[in-house]
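Structure, as structure tokens:
Nothing in this text is a laboratory measurement; each read-out follows from the coordinates by a stated rule. On a predicted model such as this, the values are computed, not experimentally measured, just so you know. In this analysis, Cβ positions are derived from the backbone assuming ideal geometry, glycine residues included, and neighbour counts consider all displayed protein chains.
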Amino acid sequence: MNAIMLKKELQNISISDISFVLFLLFSFLLAGCGTGSNGGAGTMTVEMTDAPIDSADAVNVNIESVEVQSQNGSGWITLNKPQKTYDLLELVNGATEVIGTTELEAGTYSQIRLILGDSGHSVVVDGKPYEMKVPGGPQTGVKLNVNAEIKPDIEYVLLLDFDASRSVVEAGQAVNTAKYLLQPVIEAKEKAITGNIAGTVNPADAEPVVYALAGNDTLSTTLADTSSGDFKLIGLEEGSYDVSVEPRNNNFQSKTVNSVSVTAGKTNDIDPIDLQ
């Protein structure tokens, strides 16, 4: 009796019913394929720049690897292993260098860290190189909170602003220690939501240092080009800034240009700044 009933039920299934089931199966397979890297991955690129230090000729930092941590707790993911020494003072006045880029699954990445080398850090002062030590060792890395949102097929660019003037510290006179310590001070910014200010300071002989100020806070610093006087302040969030120029040549006076606007994704080229 059961066999007869099953035969009747099978006879009642139409071709349209079979087609519908096949359609659902095919849609399910497509959805499963969409979770792979082609449909659910974006790119993170990390660039590095520097705020200058007037008391050094070079600041060399050895970076072993660049890593990010997913918010879902899956651990650290390596973006790049540059194993390279960078002179931070070459990354001023708008210059940047890519230190890592890779494809990542879409999602939120809460932190980035730089693993520094055991050695290879140095500062050059008055033409003489000095080794720099990282207090406590470099193994745990320099960690920064970023909360980067990676979206499918979109490149997320993270700008790391390394402040050499605050990162290089004299070690004092303790016995058997390096003369200088490297204590990295870095600010992480999403490049897509920042803009820039560019201009020229005359004369270049004034050796000007240029600052972007918001109230009492210094948000960006650079040295104007010693030949042309050109400068570029990068990585500034939208808003209004005062551009302050401080000459290192004592024969010239400082000057401030107030209320310079910044728009995300754009560079505001301001009029030349003439020093007296």
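Which entries in the list LYS232/LYS266; LYS191/LYS232; LYS133/LYS179; LYS191/LYS266; LYS189/LYS266; LYS84/LYS151 go over 20 Å, if you measure between the two C-alpha atoms of each?
Result: LYS84/LYS151 exceed 20 Å.
Which of rounded, prolate or oblate describes segment 40-184 when judged by the alpha-carbon gyration tensor and an a/c cut-off of 1.5?
It comes out prolate by the Cα gyration axes.
Taking a ≥ b ≥ c as the square roots of the Cα gyration tensor eigenvalues, with a/c under 1.5 meaning rounded and otherwise prolate when a/b beats b/c, else oblate, which class fits segment 195-276?
Prolate shape, in that a/c is at least 1.5 and a/b is the bigger ratio.
Report, to one decimal in Å, the Kirkwood hydrodynamic radius for segment 148-210 based on all distinct Cα pairs.
Kirkwood radius, segment 148-210: 15.9 Å.
Excluding ALA106 itself, what net charge comes from residues whose Cβ is under 11 Å from its Cβ, given Lys and Arg +1 and Asp and Glu -1?
Net of charged neighbours comes to -3.
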